[in-house]
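Down below is the structure, laid out as structure tokens.
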Amino acid sequence: MENSLPTLKEIAKQLKISISTVSRALHNHQSIGLRTRLRVQELAKEINYEPNQTAIFFQQRRTFTMGVILPELSEAFFSSAISGIEDCAYRNNYTVIMGQSHDSEEREKILIETMKKHRVDGLLISIAKNTTHYEHFESLKRYNIPVVFFDRIPNMPNIHYVACNLVSGTIEAINFLLKKGHRVIGMINGPEKLYASKERREGYIQAMTKSRLKFDPSLVVNTDLDSASIVEATRELLSSKRKPTAIVTFNDYVALDAIRYVRSKKLRINKDISFVSYSNQPWNSYSAFPPLASVEQFPYLQGQKAAETLLELFNKKELETENSHTYYKIILESQLVLNHNK
């Protein structure tokens, strides 16, 4: 057929040599003489022959693709993380296939099935906020698909992950407010079962008790991270018997909703009530009412480290090392960044 793609068989037929000889010649195999190699390569170029990638992938037992599943690409945090992943993948000749769970456990499960069907070599996952069952992650082990979690990691044993130390970051945030004279500090946290929420709570408790202040559980309010639950949490804290003079919020997006509600009550931001947050989004510098400080979680570096870890697992898999029960647990130190505009 005129429109059919050129094949090894066609080159072999024209040059009257075997298909295996053509294949070796195209790969510059030393067992093939230079003259034959040049003849094969010149004809391949002349007829616009292109290697069959599917066949190559099958032979090499890898597709040179890594799948990424994250909650929301619209969030600047995850946009930065995916940039770190893609830059690392590009440097190592890998392609990235990405899917958004939109914080849905069911959608997360569907994405994992889709990635399996696309035969990705491995997965990088930041779990949905409401994910409480981990069977879909466990199932990947049966298919020998390595997984590295980043930022939002599941509370399960024997996993590879890259995360930021949110306990130390929270301690730093609370200590910053304590030095400013605040003694009643509230926290608008994320979903109770989310591991990152537990880390924030743990850091809050450690900082308060170390300063010999009684931990008041009513001052830590969990939310679903949507606007309605954030507003309700802020209202609850402001109407508390021990009304906080400062609030630590789960991230900068949560801070925006909380600050909007506080302003509607005619309270002055960072005067009547102060805010500290997480994520250190770049738009804080342009906001009229930003938090006093935000905990930097280094999303680009998290994404880059996660991709590098996955590549390391690919190499181990290829070398069939016996040390398969070693799990990578990479913890980056967070950093409290002050907003100098305030």
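The values are calculated or read from the model by the stated rules, or taken from the named source; none is laboratory data. Everything numeric here is computed off the predicted structure, so don't read it as measured data. All Cβ positions, even for glycine, are placed from backbone atoms using ideal geometry, and neighbour counts span all protein chains on display.
If we scan region 281-288, do we find a residue that is out of contact with any helix residue (DSSP H, G or I) (no Cβ under 7 Å at 6 or more places or on another chain), outside the structural domain of G67 (by TED's automatic domain parsing), in a loop (DSSP other than H, G, I, E, B) and at pLDDT below 95?
The answer is yes, given that some residue of region 281-288 is out of contact with any helix residue (DSSP H, G or I) (no Cβ under 7 Å at 6 or more places or on another chain), outside the structural domain of G67 (by TED's automatic domain parsing), in a loop (DSSP other than H, G, I, E, B) and at pLDDT below 95.
Which of the residues spanning region 65-120 are among the small types (G, A, S) and farther than 20 Å from H136 by Cβ? Quick ask: steps written out before the conclusion?
Looking only at region 65-120, we keep the residues that are among the small types (G, A, S), and these are 67, 74, 76, 79-81, 83-84, 89, 99, 101, 104.
Within region 65-120, S74, A76, S79, S80, A81, S83, G84, A89 meet the criteria.
So, in region 261-282, of the ones that are within 23 Å of N165 (Cα to Cα) and touching an Asp or Glu at 6+ places or on another chain (Cβ under 9 Å), which residue ends up surrounded by the most Cβ atoms within 10 Å (Cβ to Cβ)?
Filtering region 261-282 for residues that are within 23 Å of N165 (Cα to Cα) and touching an Asp or Glu at 6+ places or on another chain (Cβ under 9 Å), the one surrounded by the most Cβ atoms within 10 Å (Cβ to Cβ) comes out as Y278.
If I ask for residues that are part of a loop (DSSP other than H, G, I, E, B) and farther than 25 Å from E312 by Cα, which ones from region 150-206 would you list? Write out each step before concluding.
Step one: list which residues in region 150-206 are part of a loop (DSSP other than H, G, I, E, B), which gives 151-159, 180-184, 190-194.
K180, G181, H182, R183, V184, G190, P191, E192, K193, L194 - these are the residues of region 150-206 that are part of a loop (DSSP other than H, G, I, E, B) and farther than 25 Å from E312 by Cα.
A quick yes/no check of all residues on (1) in contact with a helix residue (DSSP H, G or I) (Cβ under 7 Å, 6 or more places away or on another chain); (2) of a type in the set (A, V, I, L, M, F, W, C):
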site: M98; (1), (2): yes, yes
site: E105; (1), (2): no, no
site: P146; (1), (2): yes, no
site: N155; (1), (2): yes, no
site: V167; (1), (2): yes, yes
site: A173; (1), (2): no, yes
site: F176; (1), (2): no, yes
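I'd like to verify a number: residues in region 181-195 that are surrounded by 19 or more Cβ atoms within 10 Å (Cβ to Cβ) and either touching a strand residue (DSSP E or B) at 6+ places or on another chain (Cβ under 8 Å) or closer than 20 Å to L292 by Cα (or both), how many?
Going through region 181-195 one residue at a time, the tally reaches 7.
Please pick out the residue among D252, D226, D257 that is acidic (D, E) and surrounded by fewer than 17 Cβ atoms within 10 Å (Cβ to Cβ). Working first, answer last.
Values: D252 fails: surrounded by fewer than 17 Cβ atoms within 10 Å (Cβ to Cβ); D257 fails: surrounded by fewer than 17 Cβ atoms within 10 Å (Cβ to Cβ).
From the options D252, D226, D257, the qualifying one is D226.
Taking the condition over 30 Å from E105 (Cβ atoms), aliphatic (A, V, I, L, M) and not in a strand (DSSP E or B), does L213 pass?
On the way: over 30 Å from E105 (Cβ atoms): yes; aliphatic (A, V, I, L, M): yes; not in a strand (DSSP E or B): yes.
Yes; evaluated as a whole, the condition is true for this residue.
Quick one: A196 ticks every box in (1) touching a helix residue (DSSP H, G or I) at 6+ places or on another chain (Cβ under 8 Å); (2) within 19 Å of N280 (Cβ to Cβ); (3) at pLDDT 95 or above except a single one, so which number is it?
(3)
From the residues in region 258-280 that are of a type in the set (V, I, T) and not in a strand (DSSP E or B), which one is farthest from K329 (Cα to Cα)?
Let us first name the residues in region 258-280 that are of a type in the set (V, I, T), namely 259, 262, 269, 273, 276.
If we keep only those that are not in a strand (DSSP E or B) too, we end up with 259, 262.
Details: I259: 35, V262: 39 Å.
Residue satisfying both the conditions and the ranking: V262.
Restricting attention to region 130-138, does a residue exist that is in contact with a Ser or Thr (Cβ under 9 Å, 6 or more places away or on another chain) and under 17 Å from N251 (Cβ atoms)?
Checked against the condition, which is being in contact with a Ser or Thr (Cβ under 9 Å, 6 or more places away or on another chain) and under 17 Å from N251 (Cβ atoms), region 130-138 yields at least one hit.
Looking at region 15-47, which of its residues are aliphatic (A, V, I, L, M), surrounded by 11 or more Cβ atoms within 10 Å (Cβ to Cβ) and without any contact (Cβ under 8 Å) to a residue 24 or more places away in the chain? Write out each step before concluding.
So in region 15-47, the residues aliphatic (A, V, I, L, M) come out as 15, 17, 19, 22, 25-26, 32, 34, 38, 40, 43-44, 47.
If we keep only those that are surrounded by 11 or more Cβ atoms within 10 Å (Cβ to Cβ) as well, we get 15, 17, 19, 22, 25-26, 32, 38, 40, 43-44, 47.
The answer is I17, I19, V22, A25, I32, L38.
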